[in-house]
Amino acid sequence: MTSKPERSARPSIRRGTNLPRMGDFNESVILDAIRRHSAGLSRVELAQATGLSAQTVTNITRRLLDQGTVRESGKLNTGSGKPRTLLEIVPTARYAVGIHLDPAVITCVLVDLLGRVVGERSRRTPSGGDTDEIAVDMADSVSALVAESGIDDTRVLGLGIAAPGPIDAAAGWVVDPPEMPGWGRYPLRDRLSEATGFSALLDKDVTAAVVAERWAGAGADSRNLLFFYLGTGSGMGLVVDDTVLRGVSGNAGEVGGLGAACSIRALVDEGIALGVLGAEFTVLDPADAQPGLEELASLAAAGESQAAGIIDRLAVRIGRGVCAAATLLDVDTVVFGGPAWHLLGERLLLTIEPMVARSPFVKATHATAVLTTTLGENVAAIGAASLVLDQALSAQPQNLLLSGRPTVTEF
């Protein structure tokens, strides 16, 4: 069961500026507005929604039409005057690649401009392997995925990389992530960019996941969103006032201090310690935890009390952490997902959703939606690709403040 708060009929749209030399920023504002309205927007509606002049909107939309990024999709009859022409994104105009490095599995996806997956590949993460060799394999997967799609490389905007924290976002390094010995301070972004020929971005996997949700998932209509990720590990991705929160080093979203940290290995180990699972489920490698988790979920569903207790105690920890974070950030939407969520989510929500609903701090002034991702268990990989789309198509007001002129990807 999920609950949804009351919202306006139309998604929120960033406002543009009519000041000189802001064309690139305004183009992103227009693209973002059109993308957020699947039914299309007319030029008049774009001017009203973005605050841009009619002439500015006309100039930008003409350029986007010439580029093939948007197209005319039909007419809107307003009852008086000439019908208005609607504009929509051309999903196949450009693509982005995302790859998720997880201790258990490496997943690569190719998405179109609307964030829809058009191709994917996955493989078990090598245990204790040479990091350079793994990076080469990752690059080969990216290249093979694009080649299999038949899409010309020039139509790929770039490569997004999602990795477990901690990361060094500025340097593009993964920094000794848990359950991944040997990675140390590894320049993964630059290695993959050099090997594939694509410009690359690196972000934390939980952050990538929340970018996917605001781009194409259950949280697309929310400006204030919390995403709880449950996979090999756990964490939160955060959006406040339509801005993704990353922190000073790009490592926002750690949940250990909230008591909501969890790993699949820990759940399986607890099951073995309580005698619910046999020794054959002992986890020697992160990829080995999945069978034990599946057995634990199956036993709980069949009514085995100790198995159910393990999952229910986890639900309480997650619920407390989510309620605390939702209170602190004053969000209106909480989305759950990740590779382990599809196995445990239904039972976890039985405890978590009432906790959010009855929290006096969360409920006091507004309703809070509690949702499961619509993007599936590969949400972090989709998020990695969405990082590229977000940079290329979404308005980034912080760029105006930092440099006086926005930095955008050219189509």
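Coordinate-derived values only; no laboratory data. Worth saying up front: this structure is predicted, and the values here are computed from it rather than measured. Reconstructed Cβ throughout: ideal geometry from the backbone, glycine too, with neighbour counts over all protein chains shown.
The table that follows gives values for the structure above.
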item: Calculated from backbone phi, Karplus (6.51, -1.76, 1.60) coupling profile of the range 332-337 in Hz, x at Gly/Pro; result: 10, 9, 10, 10, 10, x
item: The range 220-267 - Debye-derived log10 I(q)/I(0), Cα point model, q = 0.13, 0.31 Å⁻¹; result: -0.34, -1.13
item: Extension gain from residue 240 to residue 132, taking 0.36 nm per residue of separation minus the Cα-Cα distance; result: 35.2 nm
item: Estimated inter-spin distance, residue 284 and residue 313, nm [label 7 Å along Cα→Cβ]; result: 2.7
item: Sum of -39500 (n - 2.57) over DSSP H runs of 4+, divided by residues of the chain (222 nm, nearest 500); result: -13000 deg cm²/dmol
item: Along principal axes, Cα extents of the range 23-89, largest first, whole Å; result: 34, 22, 20
item: Residue 153 versus residue 66: modelled label distance in nm, points set 7 Å from Cα along the beta carbon direction; result: 2.8
item: Rounded FRET efficiency, nearest 0.05, which uses the C-beta distance separating residue 350 from residue 80 and R0 of 60 Å; result: 0.70
item: Förster radius 22 Å - calculated FRET efficiency between residue 273 and residue 176, Cβ distance, rounded to 0.05; result: 0.20
item: Value of D in µm² per second that Stokes-Einstein yields for the range 58-195, Kirkwood Rh from Cα pairs, at 4 °C (1.567 mPa s); result: 75
item: Stretch gain in nm, segment residue 124-residue 144, where the contour uses 0.36 nm per residue and the Cα spacing is subtracted; result: 5.5 nm
item: With 20 Å bins from 0: P(r) over the chain, alpha-carbon pairs, percent; result: 26, 55, 18, 1
item: Linear extension gain, residue 329 paired with residue 38, 0.36 nm per residue minus alpha-carbon span; result: 101.9 nm
item: Simple spin-label estimate for residue 301 and residue 357 in nanometres, 7 Å along Cα-Cβ; result: 2.3
item: Amide H within-cut-off set for residue 367, under 5 Å, with H built and near neighbours excluded; result: 6
item: Debye log10 I(q)/I(0) for the range 218-374, one point scatterer per Cα, at q = 0.14 Å⁻¹; result: -0.69
item: Karplus (6.51, -1.76, 1.60) ³J(HN,Hα), θ = phi - 60°, over the range 205-214, in Hz, Gly and Pro reported as x; result: 4, 5, 5, 4, 4, 6, 5, 4, 5, 6
